[in-house]
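One structure is given below, encoded as structure tokens.
The values are calculated or read from the model by the stated rules, or taken from the named source; none is laboratory data. Since the model is a prediction, treat every value here as computed from it, not as a measurement. Cβ placement follows ideal geometry from the backbone for every residue including glycine, while neighbour counts extend to all protein chains displayed. Protein only, heavy atoms only, side chains kept; ligands, DNA and RNA dropped before computing areas. Shrake-Rupley method; radii C 1.70, N 1.55, O 1.52, S 1.80 Å.
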Amino acid sequence: MQDFSDLLRPEAVYKDVAVAHKKGLFAQLATAADALGLDGRLTAERLVAREKIGSTGFGGGVAIPHARLPDLPAVTGVFMRLAQPIEFDAVDDLPVDLVFMLVSPVEAGAEHLKALARVSRRLRDRTFLGKLRGAGSPDALYALFTADAARDAA
């Protein structure tokens with residue numbers, strides 16, 4: 001399943017986000033969480049705590065910061081394409097420019113891991129990453145993540 005419409009809403013996709021470092025990125029992710037009706041402060045705290053365990057930058061310019069939050073109704077994503085790559089302590093030591101934040105309910109153990117695996121698999125596809133980097137708008141980015149849903153609806 002390539003369709004991410006269950007994880008990602010159009011208003012949770014951002015293009016050319018200007019941040020200078022990981023701390024600034026987490027602040028932007030907190031603001032995005034607030035815009036979705038989540039607790040941005042708690043989201044940022046949980047993301048930072050998870051990052052202390054080990055970097056969520058998994059290579060190829062991609063990071064998937066993730067955390068679990070109380071009182072969250074469903075697994076939720078935010079995608080940001082950064083204006084400039086930032087240092088992220090990724091496994092390949094390359095800077096990151098594509099970020100998919102994933103937050104899940106505290107009790108969503110298997111569901112969280114399945115969503116994380118789905119996002120990870122999709123973001124390992126170099127052709128797909130090239131399309132994300134070339135997309136001209138947040139709507140185009142969202143369409144890339146939901147292409148299967150659009151095709152099925154046609």
Which condition number in (1) touching a residue at least 24 places away in the same chain (Cβ under 8 Å); (2) open to solvent by 60 Å² or more (accessible area, probe 1.4 Å); (3) of a type in the set (A, V, I, L, M, F, W, C) is the one that residue 110 fails? (1)
Would you mind stating whether residue 89 is assigned to a loop (DSSP other than H, G, I, E, B) and either open to solvent by 50 Å² or more (accessible area, probe 1.4 Å) or over 21 Å from residue 34 (Cβ atoms) (or both)? yes
For the list (1) free of Cβ contacts under 8 Å to residues at least 24 places away in the same chain; (2) among the basic types (Lys, Arg); (3) open to solvent by 70 Å² or more (accessible area, probe 1.4 Å), I need the number of the one condition that residue 68 fails. (1)
Is one or more of the residues making up the range 28-50 touching a Ser or Thr at 6+ places or on another chain (Cβ under 6 Å) and under 15 Å from residue 87 (Cα atoms)? no
Is it true that residue 130 is at pLDDT 95 or above, among the small types (Gly, Ala, Ser) and part of a helix (DSSP H, G or I)? yes
